[in-house]
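Data block below; observations after.
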């Protein structure tokens, strides 16, 4: 899905003046609704008092309905999954897994999976 986002973005930048904005939004919404999967690289920065205290990076995968996988590569490998019913967090270094019903998860990533179910 990501392969069409960049070209579409640059195309929209060049033709925005000549096309109706509502038509552009309608096309984007139609493309979003028809997408079944999405893969994206991510970078998370955690700050305290305006200072970055931790940075994490990896790849996130989304699949409709309601499935999501966050593979952390740095600074250490971790895995966060939502299968539509349960949220799982695996920390290989600690040999630990945390499991909670998705609708009870306090993790900020869980609503993204529930949105993907729509």
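The values are calculated or read from the model by the stated rules, or taken from the named source; none is laboratory data. Since we're looking at a predicted model, the values are computed, not measured. Don't worry about glycine lacking a Cβ; one is built from the backbone with ideal geometry, like all the others, and counts go over all protein chains shown.
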For the range 57-76, name all the residues that are surrounded by 12 or more Cβ atoms within 10 Å (Cβ to Cβ), under 14 Å from the mean Cα position of the chain (by Cα) and over 16 Å from residue 98 (Cβ atoms).
57, 58, 59, 60, 61, 62, 63, 64, 66, 67, 71
Of 45, 36, which residue is in contact (Cβ under 8 Å) with a residue 24 or more places away in the chain and surrounded by fewer than 12 Cβ atoms within 10 Å (Cβ to Cβ)?
36
Within the range 86-115, how many residues are at pLDDT 85 or above and either in contact with a helix residue (DSSP H, G or I) (Cβ under 8 Å, 6 or more places away or on another chain) or surrounded by 14 or more Cβ atoms within 10 Å (Cβ to Cβ) (or both)?
7
Filter the range 77-98 for residues that are under 19 Å from the mean Cα position of the chain (by Cα) and not in a strand (DSSP E or B) and give the result.
77, 83, 84, 85
Yes or no: the range 30-44 includes at least one residue that is under 25 Å from residue 80 (Cβ atoms), in a loop (DSSP other than H, G, I, E, B) and modelled with pLDDT of 70 or more.
yes
Under 6 Å between Cβ atoms, at least 6 apart or on separate chains: pull out the pairs that start in the range 92-115 with a residue that is assigned by TED's automatic domain parsing to the domain that holds residue 64 and under 14 Å from residue 68 (Cα atoms) and end on any residue that is at pLDDT below 90 and surrounded by fewer than 12 Cβ atoms within 10 Å (Cβ to Cβ).
102/85
